[in-house]
């Protein structure tokens, strides 16, 4: 709930700072606005050809009304894959609080799936980076620093250009810009350093 509210753009959030107290209060509008971020993640996960499970981590301050609102938003949205939704109270109830989530995962595993990665290993490292940036993060492309270009050339020279890649960026946004909330469109180019 807090994560969706954080992506509504209604709060001034900064890495390393505590969440504002107001984010813990019920706010249907912030939840609606932040839902665009969750919908983006569901659609993104669907690109891999597998069912999706959404775990709603319930905390004591989360209201039944907010939980129902979020479940309704998910159930009424149209997604390219099946979406299982479960409330998890493992934080407060341990394993018993995760039974609903466990069943949702079992249900998803019983559905047909046709996993497909975003890129193939025979693509160049730069093509893989571009694909993850554009398809995975919605960026307009990538901007490689001189150091990144040098490192890519060294990897290729050593025959490592057929490996998978792992990218990391800010957890504060879909893009690399932590100030962009929700599901930003036309995200700037992803800077690779």
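The values are calculated or read from the model by the stated rules, or taken from the named source; none is laboratory data. All values reported here derive from a predicted model rather than from experimental measurement. With ideal geometry, Cβ positions are generated from the backbone for all residues, glycine too; neighbour counts draw on all protein chains shown.
Here 37, 43 are screened, and the one residue that is out of contact with any helix residue (DSSP H, G or I) (no Cβ under 9 Å at 6 or more places or on another chain), surrounded by 16 or more Cβ atoms within 10 Å (Cβ to Cβ) and either at pLDDT 90 or above or closer than 23 Å to residue 98 by Cα (or both) is 43. If you check every pair at least six apart or on different chains, which have Cβ atoms under 8 Å apart with a residue in segment 60-72 that is in a loop (DSSP other than H, G, I, E, B) first and a residue that is surrounded by 13 or more Cβ atoms within 10 Å (Cβ to Cβ) second? So the pair list comes out as 61/24; 62/1; 63/26. Any residue in segment 31-42 that is within 15 Å of the chain's Cα centre (by Cα) and part of a loop (DSSP other than H, G, I, E, B)? No, segment 31-42 contains no residue that is within 15 Å of the chain's Cα centre (by Cα) and part of a loop (DSSP other than H, G, I, E, B).
Here is a yes/no grid of residues against (1) touching a strand residue (DSSP E or B) at 6+ places or on another chain (Cβ under 7 Å); (2) over 22 Å from residue 34 (Cα atoms):
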site: 68; (1), (2): no, no
site: 93; (1), (2): no, yes
site: 100; (1), (2): yes, yes
site: 125; (1), (2): no, yes
site: 146; (1), (2): no, yes
site: 153; (1), (2): no, yes
site: 159; (1), (2): no, yes
site: 164; (1), (2): no, yes
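Right, residue 79: more than 19 Å from residue 181 (Cβ to Cβ), under 17 Å from the mean Cα position of the chain (by Cα) and not in a helix (DSSP H, G or I) or not? Answer is yes for this residue. For segment 111-125, the count of residues that are under 23 Å from residue 56 (Cα atoms) and either at pLDDT 95 or above or over 23 Å from the mean Cα position of the chain (by Cα) (or both) is zero. Scanning segment 43-59 for residues that are in a strand (DSSP E or B) and farther than 24 Å from residue 115 by Cβ yields 56, 57.
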